[in-house]
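Before any comments, here is the structure.
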Amino acid sequence: MDKCGMYLGCNIPFKAPDIEQSFYKVFPALGIEVVDMEGATCCPAWGTAPSFDVDTWLAVSGRNITIAEQKNVDIMTGCNSCFGVLSEARHMINHDPERKKTVDRNLGLINRKFQGTSEIYHVSHVLYKNIGVDKIKENITHPLTDLKIAVQPGCHILWPSEVMAVKEKNSFFPTILKELCQALGADVPHYSKLNACCGMGAMRSTDQVRSLGLVKDKLISMQEEIAPDMIVTTCSSCYLQFDGAQKILREKGEIDFQIPVFYYTQLLALCMGFDPKQVAAISETPRDAIIQKIQGATRLVN
Amino acid sequence: MAAINLTKMDKKEVIQKVIENGGTGITKCIQCNACASVCPVAKAGFPLYGRLLFRKLQTGHFEEIIEDSSSWACQACNRCTEICPRDAKPFEMVFAFRRMQANELAISTSAFTPLMNLHATGHAVYSEASKDLRVSVGLSPEPVTSISSEEAQQEMRTLLDNSPMGELGIF
Amino acid sequence: MAKVGVYVCHCGSNIGGVVDVEDVCKHAETLSDVVVSRQNLFMCSDPGQEIIRQDINNGLVDKVVVAACTPRTHEPIFRKVLEGEGLNKYLFEMANIRDQDSWVHANDKAGATAKAKQIVASAVAKARNLQPLEDKYVDVTKAALVIGGGVAGIFAALDLANMGNKVYLVEKEPSIGGVMAQLDKTFPTNDCSACILTPVMVDAGTHPNIELLTYSEIDSVEGYIGNFDVKIRRKQAYVDWEKCTGCGACADACPAKTPDAFNAGLNNRGAAYIHFPQAVPKKAVIDMTHCINCGGRKIGSEPKISKKTGNPILAPCEKACPAGAINRSVAVDEGGRIMDVKVGAIVVATGYKVMEKENFKNLAPDSPNVLTALQLERLISATGPTGGQFLRPGDGKKPHTISFLSCVGSRDERHHTHCSRVCCMYMIKQAKLLKEKYPDLEIYMHFMDVRTPGKDFDEYYTGAIDMGINIIRGRVGGIDTLPEGNLRVMGYDSDLAANIEIDADLVVLATAIELQDDIKPFAQKLSLTLDGSGFFKELHPKLKPVDTPVEGIFLAGCCQGPKDIPDTVAQAKGAAASAAVPLSQGRVRINPTISEVNQEKCSGCGICEPLCPYAAISMIENVAGHPRARIEMTQCKGCGVCTTACPSTAIQLYGYTEDQIMAQICALTA
């Protein structure tokens, strides 16, 4: 693979565009051309069409997939939710002939046809499977030696493993993100609530208090068990939750610590020497100090 | 609470509705509770999660629980589906219930904004403020998605307007 | 002119509830050669049989058609009726209007009745053309083969041997004993497993009629009931068992390391090892796949000579053996040697294995403190890796809190849908034994539901509750790994209707019972079939629980389905009794419904020979020196493959001749 259709979703381009910018920086530098998916819409998010009607969900997801098919590329998503929605939709269309017929009929309304030629990957899959940890190691100029990371892979990239093109060896004890972070030179210890839910997504909009309860549980597991220098995720929803919730929890007096949060490609871009003002500029939980530390002169190699 | 007279519950009708809405595993569930043991909705303290919801549906409860918002807290994490020993796909049952609620418009008002956004822009999440944010990190004010394509937005509207969702009058 | 009697059975409401029996009876009367047509609620009952008896006795009928259930179970009953009245028993035909009609068309009564009429017409058409056949007999080899030396195989072998039969007891491991030898105690009496099993093992080992063939496997089985030809592979032990005294010096000296399967992988053993301390026979073997050939002492190589002493440099095992039973200079066949035996009956008692924890990804399989129940059994056994001290494998700490998880891999569509039947009870046993010994232990048992259907079982279970063992109804969905090797069990308490978490030091998984990975090729060697759960299939789930589709081969123990020790022993004794029937009769009947070649019509083309699944056909030369096919009657099973394939229509299958089958087809298409 030397190019991939960049499926942006909603949260990344509109809430965390510095993540989007980090894609444009790191992937070409690592040999993957990022192909724009013009006219792509929402995946559609779990709380929208999937919560109303399966066929409408499949039609909207199917339409997004056809954009990549027309460009003859696979899809790479930066958001776990989008990855889950698109992967499940593609699996259902491919495995249920009745659903496929309905999708064909619906997409016929807008002169599109689902072919099934484009696979759905996640940013972390492309980094891990296509680029590989060795190439990442070779391309970083600011290694994370002596820094400790708590990883947050997120749910939709793990389950249901049946529908996914790339699978963890054990989805309950995932290692892909851990290995990607280790490639940056960081220490990535295990913490017990690694595969627990962060509480973002539908739960956050349904009941903020309960949603914050889950992220608090995770934060405490991280802090008490490994006291990390930062939290790293490959899910934009998890990113927004960890970044935003810490501020609220601190204000409520429920936690007395704060841990900077990065989307993985932001951190990778920093390790490759890209400008933090472009790739890691927007956050609720401050991260200037850790960015300075990462890009500090003492750390520079080569 | 008074005893539930199971003989007077519309069990068949509710189960049929769940199946029609994608919850085909509803009759397979044996209430082993594995799903609940790892469910974020249960752990966060919502009252009507996984196994309990499925039991309610199996025993013909629908009107009684239609207003409960627990199902809308489901993260679609699918951990339940990964471990269900009956391969009943619990996630799909939760979403089937959601669809049953949604089609009666038994949803919270906060759910309407993303739907209207979707119809208008092709994106469930969108804000004008994003333009400045994007420019600040060196990007164009709008991404190359449907937000910058009237044609794409029109396609989305065609799909939504011609779907059962279009008949609900939410757009 | 045949005089056909038709007898239609209601089978209670099985047939009568769907098919209009009266109508079928009336229709039968209209068929050619049918002289009488009658019905009864249960034709197989004594009054039912009596109706047929009288009609034969009165000279009314000379061919009999019973329209009822399946010939598989009921044909022998009706044939006996004919025989009793002096009529050839093969002048009988059965029309299956239950399994193939009323059961499958329960919602279409008119259709089922019409189909019943057709099935009966077809049977009558065949019956009109039936010819008398004679049973044939062959002598029986008065010896039995028992495959598997666990508790089932041992008891089957002992009973057969005590009845005066020669018994070959084959076991793939170096010792008999099976899984029971690995257990610490047994439910619901808590007797020590070794204490009750070891004397029986010794009995089997010393019985004059039992030839113990351990470290051996079945290579092939040919032949038929009464006369099976079996090739047994005696695996190469690389130790001369004639000389070996079982002292264990070689095992102590061996520096190689491989997980000890007897201790469920909890510790390592050498490549040279003795299976377990109470092994029967107590003989050492060298497991060559893990041997490291110390000092370059490959088998069959000359030893190097020490420059210092001038003596040959021997491997530690050779040096250590005081009996001179190990000599690595001698080249031996690594495939072992084949031993041919002839037996009249076979008992399959190949046992089971439990699933490994690696199959259960959500249950922290990589943690050393997550064990299978069999591993726990070894951990608390006096002969186990810790000498019975209850210390967890991860760090040797004494556990304070244990969680037991039931139905791991059982009742689970991703693994096995069956209930493994013994797990509830053995988990309770393990919990009780631990709680008795260490009253401060906190024990949590997570069940989907507790199954205790056995004598004294429920009392045993409620006793566990009395002891303060926590019983929780709700399946565990996941385990988190905590710092310092501890585990967070994520469960659900149905009675509390709440999520629960247990911070456990040790987690025990009751993993499912299943058959060994290589069971399919083994089953093929014996022409046995497996059921939906992967166990050996018995001939009839109720009435022929130890029989198999292959006459003369019987089943005992967990290879037929999960069961506890008492049930296993009972079944083993049942299988032995069944296997003894042909051995004591001295001869077995050969079914005459088999194929024969008409030598006059045979062209000698040889097409039939490779088609025969039972290798019953050979090409011989006739007096004129031309090749002709010949069928060995003792090997033919009457499948009919050769009959349909013969281009010269030279092969006749008795009981299914061409005119009989054509008559059936005409009746069905009329």
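Tabulated data
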read-out	value
Verdict on residue C:230 being assigned to a strand (DSSP E or B), buried (at least 18 other Cβ atoms within 10 Å of the Cβ), touching a residue at least 40 places away in the same chain (Cβ under 8 Å) and touching a Lys or Arg at 6+ places or on another chain (Cβ under 6 Å)	no
Filtered residues of region C:54-90 (kept if of a type in the set (Lys, Arg) and surrounded by fewer than 16 Cβ atoms within 10 Å (Cβ to Cβ))	C:72, C:80
Residue within region C:489-497 that is acidic (Asp, Glu), touching a residue at least 40 places away in the same chain (Cβ under 8 Å) and assigned by TED's automatic domain parsing to the domain that holds residue C:401 present	no
Scope region A:31-58; condition closer than 18 Å to residue A:19 by Cβ and either within 7 Å of chain B (Cβ to nearest Cβ) or open to solvent by 10 Å² or more (accessible area, probe 1.4 Å) (or both); matching residues	A:34, A:35, A:36, A:40, A:42, A:45
Unique residue being of a type in the set (Val, Ile, Thr), outside any helix (DSSP H, G or I), under 30 Å from residue A:273 (Cβ atoms) and touching a residue at least 24 places away in the same chain (Cβ under 8 Å) when the list is A:35, A:26	A:35
Members of region C:236-279 that are more than 28 Å from residue C:380 (Cβ to Cβ) and not acidic (Asp, Glu)	C:236, C:237, C:238, C:239, C:241, C:243, C:244, C:245, C:249, C:250, C:253, C:255
Conditions (1) open to solvent by less than 60 Å² (accessible area, probe 1.4 Å); (2) outside the structural domain of residue A:238 (by TED's automatic domain parsing): number failed by residue A:94	(1)
Breaking point among (1) surrounded by 17 or more Cβ atoms within 10 Å (Cβ to Cβ); (2) under 30 Å from residue C:118 (Cβ atoms); (3) among the charged types (D, E, K, R), for residue C:567	(2)
Selection within region A:178-203 - in a helix (DSSP H, G or I) and within 9 Å of another protein chain (Cβ to nearest Cβ)	A:202, A:203
Residue A:151 within 24 Å of residue A:10 (Cα to Cα) and either surrounded by fewer than 24 Cβ atoms within 10 Å (Cβ to Cβ) or more than 11 Å from chain B (Cβ to nearest Cβ) (or both)	yes
Hits in region B:58-76 - residues which are within 8 Å of chain A (Cβ to nearest Cβ) and open to solvent by 10 Å² or more (accessible area, probe 1.4 Å)	B:69, B:72, B:74, B:75
Number of positions in region B:114-135 that are without any contact (Cβ under 8 Å) to a residue 24 or more places away in the chain and either open to solvent by less than 20 Å² (accessible area, probe 1.4 Å) or more than 30 Å from residue A:280 (Cα to Cα) (or both)	3
One residue from C:298, C:257 being over 26 Å from residue C:205 (Cβ atoms), at pLDDT below 95, open to solvent by 70 Å² or more (accessible area, probe 1.4 Å) and not small (Gly, Ala, Ser)	C:298
Condition met for residue C:43 (in contact with a Pro (Cβ under 7 Å, 6 or more places away or on another chain), closer than 20 Å to residue C:19 by Cβ and outside any helix (DSSP H, G or I))	no
Output for region B:5-24, where each listed residue is surrounded by 12 or more Cβ atoms within 10 Å (Cβ to Cβ) and part of a loop (DSSP other than H, G, I, E, B)	B:9, B:10, B:21, B:22, B:23, B:24
Number of the exception - residue C:123 against (1) outside the structural domain of residue C:564 (by TED's automatic domain parsing); (2) surrounded by fewer than 22 Cβ atoms within 10 Å (Cβ to Cβ)	(2)
Residue in region A:63-77 that is free of Cβ contacts under 8 Å to residues at least 40 places away in the same chain, surrounded by fewer than 24 Cβ atoms within 10 Å (Cβ to Cβ) and away from chain B (no Cβ under 11 Å) present	yes
Among the residues listed as C:499, C:470, the single one being over 20 Å from residue C:365 (Cα atoms) and at the interface with chain B (Cβ under 10 Å from one of its Cβ atoms)	C:499
Some residue of region A:160-177 being free of Cβ contacts under 8 Å to residues at least 12 places away in the same chain and in a helix (DSSP H, G or I)	yes
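This table checks each residue for (1) in contact (Cβ under 8 Å) with a residue 60 or more places away in the chain; (2) open to solvent by less than 20 Å² (accessible area, probe 1.4 Å); (3) over 16 Å from residue A:57 (Cα atoms); (4) at the interface with chain A (Cβ under 9 Å from one of its Cβ atoms).
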{"position": "B:98", "(1), (2), (3), (4)": "no, yes, no, yes"}
{"position": "B:112", "(1), (2), (3), (4)": "no, no, yes, no"}
{"position": "B:137", "(1), (2), (3), (4)": "no, yes, yes, yes"}
{"position": "B:146", "(1), (2), (3), (4)": "no, yes, yes, yes"}
{"position": "B:161", "(1), (2), (3), (4)": "no, no, no, no"}
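The values are calculated or read from the model by the stated rules, or taken from the named source; none is laboratory data. Everything numeric here is computed off the predicted structure, so don't read it as measured data. Please note: Cβ atoms are built from the backbone with ideal geometry, for glycine as well, and neighbour counts cover all protein chains shown. Areas reflect the complete protein model, heavy atoms only, side chains present, ligands, DNA and RNA absent. Shrake-Rupley method; radii C 1.70, N 1.55, O 1.52, S 1.80 Å.
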